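Peer 1: Below is a structure I'd like to ask you about.
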Amino acid sequence: MNATPVRRIGRRFPDYGWSWPTGQLDLLLKAALLSDEDAAAACAARWLDENDIDLVSFREHRLLAAISDRFGRKLAGHAAHPRLVGLQKMLWTKSRMAMREAEPALKAMADGGPTSC
């Protein structure tokens, strides 16, 4: 992996630059957010070429699910496509399970109605 460049803190601290992700996370965010579809797809393909889906954290998994949803079959030719589809299904299942577990508490709160402070 390439070393992440250190950002210097300038005279105008804080400015937006110190907080923006660098390296591979920046590339993944661009793949998810760029309005130019071709540029975003190129960022996604490059990220998938340079990274192992199984070795990244949950924040990257959420972005990968968004990328999979955004590009769908356009990434079908990439070797990581089956893993992306599986990842998307896993995250959907986990979110449904979390909602099911939280449902009794949410129902109790809704049935309780508004309370005063």
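The values are calculated or read from the model by the stated rules, or taken from the named source; none is laboratory data. Every value quoted in this text rests on a predicted model; they were computed, and no experiment measured them. We place every Cβ from the backbone using ideal geometry, glycine too, and count neighbours over all the protein chains shown. Ligands, DNA and RNA are stripped out before the accessible areas are found, and what is left, the full protein with its side chains, is counted by its heavy atoms. Shrake-Rupley method; radii C 1.70, N 1.55, O 1.52, S 1.80 Å.
Peer 1: If I ask for residues that are touching a Leu at 6+ places or on another chain (Cβ under 6 Å) and closer than 15 Å to residue 32 by Cβ, which ones from the range 65-79 would you list? Give the derivation first.
Peer 2: Let us first name the residues in the range 65-79 that are touching a Leu at 6+ places or on another chain (Cβ under 6 Å), namely 65, 68, 78.
Passing the criteria: 65, 68.
Peer 1: Please go through the range 42-61 and give me each residue that is open to solvent by less than 50 Å² (accessible area, probe 1.4 Å), assigned to a helix (DSSP H, G or I) and closer than 14 Å to residue 84 by Cα, ordered by number.
Peer 2: Scanning the range 42-61 gives 44, 45, 47, 48, 53, 60, 61.
Peer 1: All but one of (1) open to solvent by 100 Å² or more (accessible area, probe 1.4 Å); (2) in a helix (DSSP H, G or I) hold for residue 114; state the number of the condition that does not hold.
Peer 2: Result: residue 114 passes all but (2).
Peer 1: Out of all the residues in the range 62-82, which are of a type in the set (A, V, I, L, M, F, W, C), closer than 13 Å to residue 41 by Cβ and not in a helix (DSSP H, G or I)?
Peer 2: 76, the sole residue that qualifies.
Peer 1: Next question, about the same structure. Go through the range 27-41 and give me each residue that's part of a helix (DSSP H, G or I) and either crowded, with 17+ Cβ neighbours inside 10 Å or not small (Gly, Ala, Ser) (or both).
Peer 2: 27, 28, 29, 30, 31, 32, 33, 37, 38, 40, 41
Peer 1: Taking the range 17-26 as the region of interest, how many residues are touching an Asp or Glu at 6+ places or on another chain (Cβ under 8 Å) and at pLDDT 75 or above?
Peer 2: 2
Peer 1: Might you let me know whether the range 100-111 holds any residue that is of a type in the set (Asp, Glu), assigned to a helix (DSSP H, G or I) and crowded, with 16+ Cβ neighbours inside 10 Å?
Peer 2: no
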